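The values are calculated or read from the model by the stated rules, or taken from the named source; none is laboratory data. This structure is a prediction, so every number in the text was calculated from the model and none was measured. Don't worry about glycine lacking a Cβ; one is built from the backbone with ideal geometry, like all the others, and counts go over all protein chains shown. To get the accessible areas, we keep the full protein, side chains included, count just its heavy atoms, and leave off ligands, DNA and RNA. Shrake-Rupley method; radii C 1.70, N 1.55, O 1.52, S 1.80 Å.
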Amino acid sequence: MIRQQSSHRRTAVRTAALVATAAMAVVGVQTGTAGAAAVNETGIEAGATALVLSAPQRAAAIQQAQASAAATARAIGLTDREKLVVRDVVKDADGTVHTRYERTYDGLPVLGGDLVVHHKKNGTRTTTKATKARIALPATATAEKAREGARKVIWAATGKPVLAWETVEKGLQHDGTPSERHIVTDAATGKELYSYEAIETGVGNTQYSGQVTLGTAPGYSLTDAARGGHKTYDLKGATSGTGTLFTNSTDTWGNGLASNRETAAADAHYGAAVTWDFYKNELGRNGIRGDGVAAYSRVHYGNAYVNAFWSDSCFCMTYGDGAGNAKPLTSLDVAGHEMTHGLTASTANLRYNKESGGLNEATSDILGTSVEFYADNASDAGDYLIGEKIDIRGNGTPLRYMDKPSRDGNSADYWSNSLGRLDVHYSSGPANHFFYLLAEGSGTKTINGVTYNSPTYDNSTLTGIGRQKAYQIWYKALTTYMTSSTTYAGARTATLSAATDLYGATSPEYNAVNAAWKAVNVK
């Protein structure tokens, strides 16, 4: 059996060789102060790096934070009618603790009430809030009886906080993707306040990834015990359910052809493994939720389904087989993209609409692309093209371009006040462009055989700080400073805060973040 294993791949369980097809997928960001932490060889201030918490350590940190949530609520000025519910805890090496909370009011969920408290070791405390609006509703309003099929909530994400109803309409989108549309209406007037699609999608690419190692279980099933127990299932054309776990008589999976059902499964399984390793080794994160538990993958969804999607309700990635069932959407950047939707949902929870939705999509493009580079797979070299392997358009062009997003004919290169009216896959353009400029700089250059030519809004000439620094800044911004309603202006603030934490407020990296945002017209 021939194995090709990159320097990043390690498996503590059985491995399998295969030729895998590749596919595609889909993204956010404020300011703080740098401590006097030491600087390591990468230039990152060591104190600002996040510690890797084991699942028991994370659970204990959340439990401890919840125990003091009432005191924290009083300390940051919330009323007695408001409660905090801990969702995540991130601890930095210098002792800073970032605690992410959801909020309730008279026991009702506050949509847009999420916040992050940043507590330094010296006792200094700052707070990043999704909204600064104060909530003040009469008790008679919040005591109103529940409506059948709807959830009673407080809507605080836009304007004055009001009592509202949240309903979920389930069905299918135009291309066959499941739909879970959340609609928020004013309880007093019935006016729709907000709506968003909870099924987050991305169209991907399919390409052979060569022979790779897979984490499998004794008895030969696609179960990766070394990576949180990730499993890959065969839907066999169904559009619901978990499917059937892939098992085999040998530990060799697929033959590199879409006609073999195991090939798409091997590709999805490999993509999930690479993404897990990238999160752990590059970002210090133990799985999507940080709790060491894996999502699962479903392949062969529907018939000739040309898409891939992440769903929070099943905590899983799902992949179609593409046009004519010939090109499964299971490539490295797709797998990275879809799993990153889960990461975003577990951290900032950027709403999938308007500017926050564009940042959600961009986060998945940014980290999905970073996964592809991290894999260092000679058969699918890293690039700043999204969906370049699946040929969705039938003319050999990628789905999206990060160096100049408008090359796809739909995406925006720069921010404007009309950006929020675009589909979230296209309003992601300025954030993708920002990331490319931050990592690589402006102008013409060739990377792994692909030539790019990235312009700037202000005609500035930029020098990149490198891909690793760029994605570490974006990740820290996402996990410690962004909230559900972060806009592009908020993304700029969040990444500047992250750059300050990691490199210092007077560092070249901080200045590069500022310049890259100006270059996409976010000031």
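Key figures
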item	result
Candidate set: segment 389-402, residues that are within 20 Å of the chain's Cα centre (by Cα) and in a loop (DSSP other than H, G, I, E, B); chosen: the one farthest from Gly324 (Cα to Cα)	Met402
Strands (runs of 3 or more DSSP E) enclosed by segment 70-129 - at least 2 residues per element that are in contact with a Phe, Trp or Tyr (Cβ under 9 Å, 6 or more places away or on another chain)	82-91, 108-111, 115-119
Segment 249-278 - residue that is over 16 Å from Ala217 (Cα atoms) and not in a helix (DSSP H, G or I) and, of those, least open to solvent (accessible area, probe 1.4 Å)	Gly256
Conditions (1) in a helix (DSSP H, G or I); (2) in contact with a helix residue (DSSP H, G or I) (Cβ under 6 Å, 6 or more places away or on another chain); number of the one not met by Ser356	(2)
Flag if Thr340 is of a type in the set (S, T, N, Q), assigned to a helix (DSSP H, G or I) and buried (at least 21 other Cβ atoms within 10 Å of the Cβ)	yes
Unique match (being in contact with a strand residue (DSSP E or B) (Cβ under 8 Å, 6 or more places away or on another chain), open to solvent by less than 10 Å² (accessible area, probe 1.4 Å) and not hydrophobic (A, V, I, L, M, F, W, C)) among Arg100, Arg87, Arg58	Arg100
Residue within segment 430-440 that is surrounded by fewer than 22 Cβ atoms within 10 Å (Cβ to Cβ) and either more than 16 Å from the chain's Cα centre (by Cα) or assigned to a strand (DSSP E or B) (or both) present	no
Residue check, Val334 of a type in the set (A, V, I, L, M) and modelled with pLDDT under 90	yes
Residue under evaluation Ala381, criteria (1) in a loop (DSSP other than H, G, I, E, B); (2) in contact with a Ser or Thr (Cβ under 7 Å, 6 or more places away or on another chain), criterion not met	(2)
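Every residue, every condition in (1) β-branched (Val, Ile, Thr); (2) within 26 Å of Asp92 (Cβ to Cβ); (3) open to solvent by 10 Å² or more (accessible area, probe 1.4 Å), yes or no:
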{"site": "Asn459", "(1), (2), (3)": "no, no, yes"}
{"site": "Thr463", "(1), (2), (3)": "yes, no, yes"}
{"site": "Tyr475", "(1), (2), (3)": "no, yes, yes"}
{"site": "Ala494", "(1), (2), (3)": "no, yes, no"}
{"site": "Thr500", "(1), (2), (3)": "yes, yes, no"}
{"site": "Gly504", "(1), (2), (3)": "no, yes, no"}
{"site": "Trp517", "(1), (2), (3)": "no, yes, no"}
{"site": "Val522", "(1), (2), (3)": "yes, no, no"}
